[in-house]
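Worksheet: one structure, shown below.
The values are calculated or read from the model by the stated rules, or taken from the named source; none is laboratory data. Owing to the predicted nature of the structure, the values given are computational and were not obtained by experimental measurement. Cβ atoms come from the backbone with ideal geometry, glycine included; neighbour counts cover every protein chain shown. Please note that ligands, DNA and RNA were not included when accessible areas were found on the heavy atoms of the full protein model with its side chains. Shrake-Rupley method; radii C 1.70, N 1.55, O 1.52, S 1.80 Å.
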Amino acid sequence: ETGLALLFEGKAQIAAMSRRMNQQEIVEFKREFGYEPTEVPVGIDALAVYVHKENPLPGLTLAELDAIFSSERRRGLLYDLRKWSDFMLEGDWNDAPIRLYTPNQLHGTTTFFREHVCKGASLKKQVDMRAGTASVVVAVGQDRLGIGFSGIGFRTSAVRAVPLASVAGGRYVEPTFQTAIDGSYPLRRPLYLYINRAPNSPVSPAIAEYVKFALSQQGQRIVVTKDYYPLPTQEINR
């Protein structure tokens, strides 16, 4: 969220965001500058839900995910989910607590998760908040009882990305390039640059070149090397 704050203060010309600006933020920006920010998608991410590699959980619905991370359960599940035995995991998983890891509240990934999974509700108080998304994956990889969310680009051999279903009884979908592109993965998200550019005014050469580079073949290769997904050609052309 830091880049967005600097954009509002006029201290940054470009803000990189792991979520789309919401309507309230756009209204506030327009009130401050008299026009809306320019939005440029530069890549695609799948927000993955990670468990330890030994965890046999077959999949989760968004309502179950909501009930794991938020006590408000705005997606309608009638009961809280606090133990791995709530998912019928047996053996030494029986009565074992679910330990929660998330990026801190200043991270756009956490905002995206709260908005798209918890419908804006607060996270549970017992959540262990980490400094960033990579450290969440590290924590889950070191905790057999852990679960957390982070971008697909931070996946390691110590964790497993859990397939997700939008609704109960729906098909579990794994986060892959194809499911992120076709939209079948429930937590697909574009990655954006937001630019403070007055309408009908020339863009500074530096900003224009930066955006051109991000959307060029070379820029999109960087997206791939960071384990995110490139934009479809038609989106780049648009």
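Determine whether the stretch 113-129 contains at least one residue that is more than 25 Å from residue 184 (Cα to Cα), among the small types (Gly, Ala, Ser) and surrounded by 15 or more Cβ atoms within 10 Å (Cβ to Cβ).
Taking the stretch 113-129 first, the residues more than 25 Å from residue 184 (Cα to Cα) are 122-129.
From the residues that got through so far, the ones that are among the small types (Gly, Ala, Ser) too are 122.
Filter again for surrounded by 15 or more Cβ atoms within 10 Å (Cβ to Cβ), leaving none.
Looking for residues that are more than 25 Å from residue 184 (Cα to Cα), among the small types (Gly, Ala, Ser) and surrounded by 15 or more Cβ atoms within 10 Å (Cβ to Cβ), one finds none in the stretch 113-129, hence no.
Please work out if residue 82 is among the basic types (Lys, Arg) and touching a residue at least 40 places away in the same chain (Cβ under 8 Å).
Working: among the basic types (Lys, Arg): yes; touching a residue at least 40 places away in the same chain (Cβ under 8 Å): no.
No: the conditions fail for residue 82.
Residue check: residue 198 meets all listed conditions (1) buried (at least 20 other Cβ atoms within 10 Å of the Cβ); (2) closer than 25 Å to residue 22 by Cα but one, namely (1). Evaluate the stretch 86-99: report whether one residue or more is closer than 30 Å to residue 17 by Cα, modelled with pLDDT of 95 or more, of a type outside the set (Ser, Thr, Tyr) and in contact with an Asp or Glu (Cβ under 9 Å, 6 or more places away or on another chain). Yes, the stretch 86-99 contains a residue that is closer than 30 Å to residue 17 by Cα, modelled with pLDDT of 95 or more, of a type outside the set (Ser, Thr, Tyr) and in contact with an Asp or Glu (Cβ under 9 Å, 6 or more places away or on another chain). Pairs linking a residue in the stretch 86-113 that is acidic (Asp, Glu) to a residue that is in a helix (DSSP H, G or I) and open to solvent by less than 70 Å² (accessible area, probe 1.4 Å), with Cβ atoms under 7 Å and 6 or more positions apart or on different chains, are 95/85. Checking the stretch 137-150 against the condition returns a match, with at least one residue being more than 16 Å from the chain's Cα centre (by Cα) and charged (D, E, K, R). Residue count for the stretch 79-110, restricted to those that are surrounded by fewer than 13 Cβ atoms within 10 Å (Cβ to Cβ) and touching a Gly at 6+ places or on another chain (Cβ under 7 Å): 0.
Taking the residues in the stretch 58-87 that are part of a strand (DSSP E or B) and closer than 16 Å to residue 100 by Cα as candidates, determine which candidate is farthest from the chain's Cα centre (by Cα). Filtering the stretch 58-87 for residues that are part of a strand (DSSP E or B) and closer than 16 Å to residue 100 by Cα, the one farthest from the chain's Cα centre (by Cα) comes out as 83. Of the residues making up the stretch 27-42, none is touching a helix residue (DSSP H, G or I) at 6+ places or on another chain (Cβ under 9 Å) and among the small types (Gly, Ala, Ser).
Against the definition (surrounded by fewer than 16 Cβ atoms within 10 Å (Cβ to Cβ) and in contact (Cβ under 8 Å) with a residue 12 or more places away in the chain), how does residue 156 come out, yes or no? Considered against the rule, which asks whether it is surrounded by fewer than 16 Cβ atoms within 10 Å (Cβ to Cβ) and in contact (Cβ under 8 Å) with a residue 12 or more places away in the chain, residue 156 comes out as yes.
Taken over the stretch 1-27, the criterion of being in a helix (DSSP H, G or I) and either charged (D, E, K, R) or open to solvent by less than 80 Å² (accessible area, probe 1.4 Å) (or both) is satisfied by 3, 4, 5, 6, 7, 8, 25, 26, 27. Check the stretch 39-52 and report whether any residue there is β-branched (Val, Ile, Thr) and without any contact (Cβ under 8 Å) to a residue 40 or more places away in the chain. No; the residues of the stretch 39-52 include none that is β-branched (Val, Ile, Thr) and without any contact (Cβ under 8 Å) to a residue 40 or more places away in the chain. Here residue 73 passes the criteria (1) touching a strand residue (DSSP E or B) at 6+ places or on another chain (Cβ under 7 Å); (2) open to solvent by 20 Å² or more (accessible area, probe 1.4 Å); (3) of a type outside the set (Ser, Thr, Tyr) except the one numbered (1).
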